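Have a look at the structure below before the remarks.
The values are calculated or read from the model by the stated rules, or taken from the named source; none is laboratory data. No experiment lies behind these values; they were computed from the predicted model shown. With ideal geometry, Cβ positions are generated from the backbone for all residues, glycine too; neighbour counts draw on all protein chains shown.
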Amino acid sequence: MNLDELLKEYSELELQLGDPAVHADQHRARTLGRRYAQLTPIVGTYRELESVREDLTAAKELAGEDEAFASEAAELEGRVPQLEERLRHLLIPRDPNDDKDIIMEIKAGEGGEESALFAGDLLRMYLRYAERLGWKTEIIDSQPSDLGGYKDVTVGIRAKGDEGVWSRLKYEGGVHRVQRVPVTESQGRIHTSAAGVLVYPEAEEVDVQIDPNDLRVDVYRSSGPGGQSVNTTDSAVRITHLPTGVVVSCQNEKSQLQNKESALRILRARLLAIAQEEADAAAQAERKSQVRTVDRSERVRTYNFPENRISDHRVGFKAYNLDQVLDGELTAVTQALIDAEMAEKLAQHS
């Protein structure tokens, strides 16, 4: 879509959002509002650029009569390329999922109990990061390990403002490797283990239509911590989406209905990801970094405890504040990945 089309769309959105009837449909109003918020920086920068160009023309015409205008013209001349560059950045096609919330799965891999403990450390890191940004988090399903880690945990993360969670955490998918002395190690030797992270944009019901006839729903008795009621009732739910073979299980809630709703929520997110991969080759390439097998050789990031070092192997990012990163200070890491993606997009559209 070119700039003229975006300006026209912006004007139409302004008219629609000014119509009280639109706000009777909350989903439509929210969708239009998000799109309006996306276009506002583009339109604002374009209008500022046009204004500066007009002022520059006027200042140049008057520069011969007054030195003040000559000085103003020189200043305005410097602002034009800055605004043009900003507009060029804003016009780079954005990820359509950037304003979405996410569902994240963290899975222990090789390394046994140590890997499960590391999965717990990653979960805490993301929860603390979300807390710093004022995002809401919710543990949807979990399989705790004996020492307090997680064999598998699924968390929903939702933003409060216009910026979606996906725009910042979509890069987290992949194998995360840890190097440290495990609590189970009596000889003090450093071990390497791994945990896998999968990130999905959360799908609303309007994004993915699921035919109930395509689902096989099995109920079974929950296992693990949770008290007697969890273990003595058939409250756990396993949903199989027959056309794709995708299977989702949930057992965190005591109610079978609540577990079914949670499982459907995860299923919608997975089906949306599958549909987008099939429809968009670029999205498929982008998700190649997601977990295929959680082993120690396939990795996107390494957490080295002896050196207090974190390294992201995709962009060459390295920092020696691992303790702070694990406490939620993820901004520098995520920004390095965002900047790398932007640089790649700019190179493609230059």
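Here residue 185 clears all of (1) in a loop (DSSP other than H, G, I, E, B); (2) over 24 Å from residue 310 (Cα atoms) except the condition numbered (2). For region 85-116, a residue qualifies if it is part of a helix (DSSP H, G or I) and buried (at least 22 other Cβ atoms within 10 Å of the Cβ), and the qualifying residues are 114, 115, 116. Look at region 253-276: where a residue is surrounded by fewer than 22 Cβ atoms within 10 Å (Cβ to Cβ) and a partner is in a helix (DSSP H, G or I), sitting 6+ places away or on another chain with Cβ atoms under 7 Å, you get 253/259; 253/262; 254/229; 254/230; 276/283. Of all residues in region 58-71, none are at pLDDT 90 or above and of a type in the set (Asp, Glu).
Starting from residues that are among the aliphatic types (A, V, I, L, M) and not in a strand (DSSP E or B), keep the ones in region 237-267 and report whichever is nearest to residue 105 (Cα to Cα). Once the filter is applied, the top-ranked residue is 266.
Residues satisfying the criterion are absent from region 123-137 (criterion: touching a residue at least 40 places away in the same chain (Cβ under 8 Å), surrounded by 24 or more Cβ atoms within 10 Å (Cβ to Cβ), of a type in the set (Lys, Arg) and farther than 27 Å from residue 36 by Cβ).
Residues that are of a type in the set (D, E, K, R) and over 27 Å from residue 346 (Cα atoms) are absent from region 36-48 altogether.
Restricting attention to region 1-38, the residues that are touching a residue at least 24 places away in the same chain (Cβ under 8 Å) and of a type in the set (Ser, Thr, Tyr) add up to 2. Could you list, in sequence order, the residues of region 183-215 that are buried (at least 22 other Cβ atoms within 10 Å of the Cβ) and in contact with a His (Cβ under 8 Å, 6 or more places away or on another chain)? Residues satisfying the conditions are 194, 195, 196, 197. Of all residues in region 300-310, those satisfying the criterion of being outside any loop (DSSP other than H, G, I, E, B) and in contact with a Phe, Trp or Tyr (Cβ under 7 Å, 6 or more places away or on another chain) are 309, 310. Only one entry of 61, 65 meets the criterion of being surrounded by fewer than 13 Cβ atoms within 10 Å (Cβ to Cβ), in contact with a Phe, Trp or Tyr (Cβ under 9 Å, 6 or more places away or on another chain), free of Cβ contacts under 8 Å to residues at least 12 places away in the same chain and over 24 Å from residue 168 (Cβ atoms), and that entry is 61. For region 158-181, filtered to residues that are assigned to a loop (DSSP other than H, G, I, E, B) and more than 22 Å from residue 312 (Cα to Cα), the residue that is nearest to the chain's Cα centre (by Cα) is 164. Kindly indicate whether any position in region 120-141 is among the hydroxyl-bearing types (Ser, Thr, Tyr) and either under 14 Å from residue 262 (Cβ atoms) or touching a helix residue (DSSP H, G or I) at 6+ places or on another chain (Cβ under 6 Å) (or both). Yes, region 120-141 has at least one match.
The rows are residues; the columns are (1) at pLDDT 95 or above; (2) touching a strand residue (DSSP E or B) at 6+ places or on another chain (Cβ under 6 Å); (3) within 30 Å of residue 46 (Cα to Cα).
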position: 94; (1), (2), (3): no, no, yes
position: 100; (1), (2), (3): no, yes, yes
position: 131; (1), (2), (3): yes, no, no
position: 139; (1), (2), (3): no, yes, no
position: 164; (1), (2), (3): no, no, yes
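For region 259-295, the set of residues classified as over 17 Å from residue 204 (Cα atoms) and modelled with pLDDT of 90 or more consists of 259 only.
Let me confirm something: among 14, 9, 65, 54, which residue is more than 31 Å from the chain's Cα centre (by Cα) and in a helix (DSSP H, G or I)? Testing whether each residue is more than 31 Å from the chain's Cα centre (by Cα) and in a helix (DSSP H, G or I) leaves just 54. Would you say residue 155 is within 21 Å of residue 263 (Cβ to Cβ), outside any loop (DSSP other than H, G, I, E, B) and outside the structural domain of residue 106 (by TED's automatic domain parsing)? Spelling it out, it is not the case that residue 155 is within 21 Å of residue 263 (Cβ to Cβ), outside any loop (DSSP other than H, G, I, E, B) and outside the structural domain of residue 106 (by TED's automatic domain parsing).
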